[in-house]
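Student: So that we are looking at the same thing, I have put the structure below in structure tokens.
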Amino acid sequence: MAIHDLGSIVGAHRLFAGLDKEFLDLVTGCAMNARFAEGEYLFREGDPADQIFLIREGQVGLEISAPDKGRLTFMTAGPDEVIGLSWLVPPYRWTYDAHAHSDVRAIALDAACLRQKCEANPALGYDVMKRFMPVVVDRLHATRLQMLDVYGNRG
């Protein structure tokens, strides 16, 4: 098995592909490997949103609790996807649960570390925001389509 350094792994993820080497080094300074066993929670609703996860292997279900329906998975994320947008907006708390549907390997980025580096280097902050905004927009679009599917077929 080939051994890769964190910088090459972070740089290979679609979120940070093509990131300037100087910026990649700054982002990688906030990174660490993370593993979760099937059934384990990456985070729970209401907890501090203190990490961003770059999924490398496995499937993660994003879940909410619905009255009279229990736990509902509203999205499943897999390899090369990002989990964790709540780190961007105060009060930096998770608004859903993330549950490993299989064994998961990921890169965890320390959110406070990344926010601090983005504040200190506005060019980095702008580049990071440009990379995260399409993810936010895609999630909003997917939610809209899901809402149409759920509510659109009413007589």
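Taken together, the values in this text are just the output of simple stated rules run on the coordinates, not laboratory data. Nothing here was measured: the structure is a model prediction, and the numbers come from that model. For neighbour counting, all protein chains shown are included, and Cβ atoms are generated from backbone atoms with ideal geometry for every residue, glycine included.
Student: Compute the length gained on full extension between residue 25 and residue 74: take 0.36 nm times their separation in residues and subtract their Cα-Cα distance, giving the result in nm to one decimal.
Tutor: Values: separation 49, 0.36 × 49 = 17.64 nm, distance 3.37 nm.
Taking 0.36 nm per residue and subtracting the Cα distance, the gain is 14.3 nm.
Student: Now a separate question. Express the relative contact order of the stretch 6-151 as a whole percentage, based on alpha carbon pairs under 8 Å and six or more residues apart in sequence.
Tutor: 29 percent
Student: Follow-up. From the list (1) 1.09; (2) 1.04; (3) 1.20, can you say which value of Cα Rg over 2.2 N^0.38 Å was derived from the structure given?
Tutor: (1)
Student: Would you kindly enumerate the cysteines in the chain that have no other Cys beta-carbon under 4.7 Å from their beta-carbon?
Tutor: 118
Student: Another question, if that's okay. How much FRET efficiency would the formula 1/(1 + (r/R0)^6) give for residue 12 and residue 38, where r is the Cβ-Cβ distance and R0 is 30 Å, rounded to 0.05?
Tutor: 0.75
Student: With a ≥ b ≥ c the root eigenvalues of the C-alpha gyration tensor of the stretch 91-149, is it rounded (a/c under 1.5), prolate (a/b larger than b/c) or oblate? Kindly include the intermediate steps, with their values, before the conclusion.
Tutor: On the way: a/c = 2.30, a/b = 1.39, b/c = 1.66.
Oblate, since a/c reaches 1.5 and b/c is not below a/b.
Student: Roughly speaking, what is the stretch gain from residue 130 to residue 116, that is 0.36 nm per residue apart minus the C-alpha to C-alpha distance, in nm to one decimal? Before the final figure, lay out each step's value.
Tutor: Values: separation 14, 0.36 × 14 = 5.04 nm, distance 1.70 nm.
Full extension from residue 130 to residue 116 adds 3.3 nm.
Student: Still on this structure, please answer the following. Kindly list the residues of the stretch 59-80 that lie in the label zone of residue 142, defined by a backbone N under 19 Å from the point 7 Å along the Cα-to-C-beta vector.
Tutor: 59-66, 71-80
Student: Residue 59's amide H: which non-local residues (gap 5+, or another chain) put their own amide H closer than 5 Å, with H modeled 1.01 Å from N in plane and none for Pro or chain starts?
Tutor: 101, 102
Student: Okay, moving on. Of 122, 79, 18, which is farthest towards the positive pole of the stretch 6-151's charge dipole, taken about the Cα centre with +1 and -1 on the beta-carbons of Lys, Arg and Asp, Glu respectively?
Tutor: Ranked along the dipole, the leading option is 122.
Student: So which residue, out of 25, 50, 138, gets the largest mean-square fluctuation from a GNM of the chain using Cα contacts under 10 Å as springs?
Tutor: Judging by the Gaussian network model, the answer is 138.
Student: Moving to a separate point now. To the nearest 20 Debye, how big is the dipole of the stretch 6-151 about its Cα centre, given +1 on the beta carbon of each Lys and Arg and -1 on that of each Asp and Glu?
Tutor: Details: 15 positive and 20 negative charges, 45 e Å.
Dipole about the Cα centre, nearest 20: 220 debye.
Student: Here's something else I'd like to know. Using a ≥ b ≥ c from the Cα gyration tensor of the stretch 35-120 (square roots of the eigenvalues), is it rounded, prolate or oblate, where a/c under 1.5 gives rounded and otherwise the larger of a/b and b/c decides, a/b for prolate? Write out the running numbers ahead of the final one.
Tutor: On the way: a/c = 2.44, a/b = 1.30, b/c = 1.87.
In terms of gyration-tensor shape, oblate.
Student: Okay, next question. Which length gain, in nm to one decimal place, applies between residue 102 and residue 5 when the Cα-Cα distance is subtracted from 0.36 nm times their residue separation?
Tutor: Contour length minus Cα-Cα distance gives 32.5 nm.
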